[in-house]
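The values are calculated or read from the model by the stated rules, or taken from the named source; none is laboratory data. Computed from a predicted model, the values in this text were never measured in an experiment. Every residue, glycine as well, gets a Cβ built from its backbone with ideal geometry; the counts of neighbours run over all protein chains shown. Ligands, DNA and RNA are stripped out before the accessible areas are found, and what is left, the full protein with its side chains, is counted by its heavy atoms. Shrake-Rupley method; radii C 1.70, N 1.55, O 1.52, S 1.80 Å.
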Amino acid sequence: MRGPRLHPVAFAACALAGFVLLCGGIAAAQQAPVPVPVPHIDLGIGRSTKPQDVALSLQILVLLTVLSLAPTLLVLLTSFTRIIVVLSFVRTALGTQQMPPNQILVGLALLLTFFVMKPVVDQVNTQALQPYLSQKISQPVALDRAAKPLRTFMFKQTREKDLDLFYFLSKEPRPRTRADVPTYVLVPAYVISELKTAFEIGFAIYVPFIVIDMAVASILMSMGMMMLPPVIISLPFKILVFVLVDGWNLVVHALFVSFNT
């Protein structure tokens, strides 16, 4: 005589309960994993009881502000402005649209900027940064020493006419020496001087390519091929001439010669 048969649903529930109990026992038998320490960072604004804490907070705020303005400072206080403008003129004169791409032009301009500014960077490192890291001088003294080589470089590239313009706009008396010229007057005068020099070099680069365009246009017109755009024919000739004369070498050489060091 057979016993009572177990209903399939009840059998499945019992099997599931047994599986859960078995997994729980295995998990309990295993050793608990060692917790991995996670660093905790707490940022907040509280009441300070020491004046040194306030000064340190202000220094951190100034440092973050300078880091956020670092690209602007790189463009305005170094040779980057002149170099990138001249390289853009070269690409436009060739008529190659986006060749070389913007990333390549900016990267090349940055490398050339580091090369031009290396003497200034070395002076800042030896006269300001290393003594400050060795705790031989204070931070204001380090900033003053770091500004002197950079101001000297900018003065060599800045025209007196541009300095006169910003002194006229600010309505301040003319200084007796260069050390009396404030930085907020020197920087804009330096930038417009750099733009003028860059446009002069760009014009000199443009002239031979304009001659090639005019020659090709005259030849096509004399042949009666008025429907053919001269740019299509002149572009290969301009690239060929630029390669034959080693144009990039001449452009970079002209850029370095143009800086008063």
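Which ones in segment 96-105 are surrounded by 14 or more Cβ atoms within 10 Å (Cβ to Cβ) and at pLDDT 85 or above?
So the first thing to find is which residues in segment 96-105 are surrounded by 14 or more Cβ atoms within 10 Å (Cβ to Cβ), and the list is 96, 100, 105.
The answer is Leu105, and nothing else.
Got a sec? Which of Met221, Met226, Met214 is in a loop (DSSP other than H, G, I, E, B) and either surrounded by fewer than 19 Cβ atoms within 10 Å (Cβ to Cβ) or among the polar types (S, T, N, Q) (or both)?
Only one candidate qualifies: Met226.
Scanning segment 153-163 for residues that are open to solvent by less than 70 Å² (accessible area, probe 1.4 Å) and in a helix (DSSP H, G or I) yields Phe153, Met154, Phe155, Gln157, Asp162, Leu163. In segment 170-209, the residue that is least open to solvent (accessible area, probe 1.4 Å) out of those that are over 24 Å from the mean Cα position of the chain (by Cα), under 25 Å from Leu74 (Cβ atoms) and without any contact (Cβ under 8 Å) to a residue 12 or more places away in the chain is Pro182.
Within segment 229-240, count every residue that is without any contact (Cβ under 8 Å) to a residue 12 or more places away in the chain and open to solvent by less than 80 Å² (accessible area, probe 1.4 Å). Residues meeting the conditions: 2.
Restricted to segment 125-146, and to residues there that are open to solvent by 40 Å² or more (accessible area, probe 1.4 Å) and aliphatic (A, V, I, L, M), the residue that is farthest from Tyr184 (Cα to Cα) is Leu133. In the set Val54, Val75, Val90, only one residue is closer than 21 Å to Val207 by Cβ and either at pLDDT 75 or above or surrounded by 10 or more Cβ atoms within 10 Å (Cβ to Cβ) (or both); that residue is Val90.
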